[in-house]
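These notes are about the structure you will find just below.
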Protein chains: 2
Amino acid sequence: MTLALYHFGPVANSLTPLLCLLEKGLQFENRVLDSRKWEHHDPAFRAINPEGMVPVLLHDGRVVRESTAINEYLEDVFPEPPLRPADPWLRAEMRVLTKYVDEYFCPALTVIGAHGATPFASKIDKAEMAARLAMMPNEEVRRKWATVSESGYSDQELADARRRLGNCIARLEDMLTDGGPWLLGDEYSLADIKWYSMAPALPRVLPERCNPQATPAIAGWLDRMAARPAVQALPAYAPQR
Amino acid sequence: MTLALYHFGPVANSLTPLLCLLEKGLQFENRVLDSRKWEHHDPAFRAINPEGMVPVLLHDGRVVRESTAINEYLEDVFPEPPLRPADPWLRAEMRVLTKYVDEYFCPALTVIGAHGATPFASKIDKAEMAARLAMMPNEEVRRKWATVSESGYSDQELADARRRLGNCIARLEDMLTDGGPWLLGDEYSLADIKWYSMAPALPRVLPERCNPQATPAIAGWLDRMAARPAVQALPAYAPQR
C-alpha cells in the first residue's frame, strides 16, 4: 500500500487531508508543491491531475481529488480512528458543515487571500503572466489570477467577502456556544478539520469581529485544536523556502 | 418509522431527495410547499427548519437538511438498493460530481432561474415585498430576492452564469462520451440523481450549446434517465396549483 499527498503545505484546502492523515496516523509520501513557482500547473503534475489543482491523494496508483472527498475516502478506506460519527444524523450534520465551508466560507476567504497576492502577482512581467495564465487548465482559477495580476478585486467585492466571513464567524460562534467542545458536540470529526482549514484566518482578516472577547467560543475551540498532537505536527509539512 | 419530505416539487434541489426516495421505494409523507406563497418562510415551516429552506427530510422527528447530505443520509440508513458505489474510489468520484453541482452548476443556474422570476417578483407591491424580505432568514436568499424584485441581474452577471453553464455542458458531455451509460460508468448513482436535478434545464437555457446534435451523449443520458420508473413517477409530486 502506498499513499502520497500532493499539497501546498498546512493551509486552506491542503490542510484538510493533511490533518486527516495525521489524525489517523497514516504513513504517506509528502509531496509539497511550491505555488509561487506554479508547480501545480507544470506538465509533470498535470499528468497526475489534469485540472492542475491540489490537494490530490495518490493511493495505490489511483488519484483522489478534492479535499472534502479525499477525507471521506480516507474514512471509507481507513476507518480507524473514526473521524465520521457513527450516528447517521450526526454524520449528515457533519456533511452540512463541510459543505458550508466549501460553498460559502472558502469562496469568501479566497477573495481576500487572492487579493492579498496582488502585490506579488502584479510585479510579474506581463508576458510571463500571460504565459502562466495560458498554462492554467481551470477557467475559474485562470480568471481569478487574471483579476489578481491586473487590478485585484474591487472594494465592493472585498466588502462582500468580509460580510460573508462575518456570517461564518457568527455561525461558528453560535454552534460552539450552544454545544462544543467540538463542532458536533462530543465527537471530534471531519467538520472540525474542514473548518480549521479556514478558521485560523478569521482573527487576522476580521480582528474586530473575531477575538477572545467578541467570540470566546471560537477562541476556546482554536486553542483546543492547536493543542491536538496532529495539529502540532503540521508545521513540519510546510514548504521549505 | 416515519419519513416526511418537505419540498417544492420535482425540480432542482427538491428533486434530489425526492428521486432518491422513489429509487429506493421508500414510503414517505409528501409535503409540498408553495414557493409562490412563500410557505417556506412561514413560522410553521421555520419551526422545522429555521433557515426557511427546502428540501428537508423529517425522519422519526429528526430534521435532515441540504439535498446532498439528505441523499447520503438515506444511503446510510436505507442502503438498499445501493445508490452509492461499493468501490471507495468510485464513491469519491461520485462525491466530486455531487459537489460540483452544489458549488458550480447550481449557483450558475440559480442566477438564470431567479432572473426568470423578475416579472413575477417585480409585480409584487413594494411594501409587501419589503415584508417578505424581512421574513427571509437566510441573508443570501434575501439578497437574491432583493435583486430579483428590483432590477434582476445585470447583463454581465447573466452572461457569466451562461458561460459557467457552458462549462457544465462540456463536462457532462465529456464524462458521458468517455464512459456511460451513467455518470460513473456502469453504476447508476447519487451523481446521476444530483446532475438530473439541474441538467434538464440546459437544453432550454442554452439550446444552441445543448441539443441532440451538439451533445449527443447528454441527449442519450437524459433519455435513459427519463425512462427510469422513479423518474416517471416524479410528476405526481408536483404542486397542485
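Just so you know, all these numbers are worked out from the coordinates, no wet-lab data involved. Keep in mind it's a predicted model, so treat the numbers as computed, not measured. Please note: Cβ atoms are built from the backbone with ideal geometry, for glycine as well, and neighbour counts cover all protein chains shown.
Observations on the structure shown:
- Footprinting exposure proxy for A:GLU150, B:GLU103, B:GLU187 (fewest neighbouring C-beta atoms within 10 Å first): A:GLU150, B:GLU103, B:GLU187
- Cα-derived Rg to Rh of region A:88-228, Kirkwood definition: 1.06
- Label spacing, shortest first and in nm, from B:VAL63 to its equivalents in the remaining copies (7 angstrom along Cα→Cβ): 4.2
- Where rotation carries A onto B, the chain A residue whose Cβ is nearest that axis, in whole Å: A:GLU103, 3
- By the count of neighbouring beta-carbon atoms within 10 Å, fewest first, B:TYR6, A:TYR153 end up ordered A:TYR153, B:TYR6.
- The alpha-carbon positions of region B:61-162 define a convex hull whose volume is 140 Å³ per residue.
- Within the protein assembly as shown: Cβ-based charge dipole about Cα centre, in debye rounded to nearest 20 (Lys, Arg +1; Asp, Glu -1): 940 debye
- Database remark: amide H of B:GLY185 closer than 5 angstrom to the amide H of B:GLY180 (H placed geometrically; neighbours at sequence offset of 5 or more, or on other chains; Pro and chain starts carry no H).
- Normalising the Debye intensity of the protein assembly as shown to I(0), with uniform scatterers on Cα atoms only, and taking log10 at q = 0.10 Å⁻¹ returns -0.82.
- Cα centroids of region B:52-126 and region A:22-56: 30 Å apart.
- The Stokes-Einstein estimate for chain B, based on a Kirkwood radius over Cα pairs and taken at 10 °C with 1.306 mPa s viscosity, is a diffusion coefficient of 84 µm²/s.
- For chain B, calculated [θ]222 nm from helices alone, where every DSSP H run of n ≥ 4 adds -39500 (n - 2.57): -15500 deg cm²/dmol
- Most simply put, the protein assembly as shown has about 70% antiparallel DSSP beta bridges, counting only bridges with both residues inside it.
- In the assembly of identical copies, A:GLY25 has its label point, taken 7 Å from Cα in the direction of the beta carbon, separated from the corresponding points by 4.4 nm (ascending, one decimal).
- For region B:1-134, the square roots a ≥ b ≥ c of the C-alpha gyration tensor eigenvalues yield an a/c of 1.5 or more together with a/b not exceeding b/c, which makes the shape oblate.
- Coordinate range of the alpha-carbon atoms in region A:146-200 per principal axis, descending: 47, 18, 12 Å.
- Inter-copy spacing of A:GLN156 label points, which lie 7 Å from Cα along Cα→Cβ, given in nm from shortest upward: 0.7
- In the protein assembly as shown, lysine pairs with alpha-carbon atoms under 19 angstrom apart (chain gap of 8 or more, or interchain): 17
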